[in-house]
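Visitor: One structure, pasted below without further comment.
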Amino acid sequence: MGGYVVALDAADEGEILNLAVAPGGRRIGLGRALVEAILGVLKDRDVSHVYLEVRESNAPARALYAAQGFREVGRREAYYRRPVEDAIVLRHDA
């Protein structure tokens with residue numbers, strides 16, 4: 001079981017590009033730990049706002065991010081392919 005997170009920062013903004021947890025690591029806090037860790041790293045780099053996109057249908061991820069203080073700030077229509085789906089843009093303020 002494992003997972004990873006990929007993020008970047010520029011000036012005072014950061015973006016979580018990808019976060020994934022292997023099936024065996026789900027529902028045991030690994031995703032939460034990864035989000036908390038990357039938010040800590042970005043805060044140490046003086047990032048004030050962290051953004052990400054998540055599939056509208058990805059209820060577990062949306063719940064994870066909401067529990068970490070992310071809130072919806074926008075929508076990108078037909079952002080994802082296979083299947084085509086909107087992306088919900090989320091932001092976390094440090």
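No value in this document is a laboratory result; all are computed from the given coordinates. Here the structure is a predicted model, which is why all the values come from computation and not from measurement. Neighbour counts are summed over all protein chains in view; Cβ atoms, including those assigned to glycine, are modelled from backbone coordinates with ideal geometry.
Visitor: Which of rounded, prolate or oblate describes the chain when judged by the alpha-carbon gyration tensor and an a/c cut-off of 1.5?
Guide: Oblate, because a/c is 1.5 or more while a/b does not exceed b/c.
Visitor: At what distance in angstrom do the alpha carbon centres of the range 15-48 and the range 64-93 lie from each other?
Guide: Using only Cα atoms, the two centres lie 16 Å from each other.
Visitor: Only Cα pairs under 8 Å and at least 6 apart count here; give the relative contact order of the chain as a rounded whole percent.
Guide: 25
Visitor: So how far apart, in nm, are the two label points at ALA10 and VAL84 if each is 7 Å from Cα heading toward Cβ?
Guide: Rounded to a tenth, the inter-label distance reads 2.9 nm.
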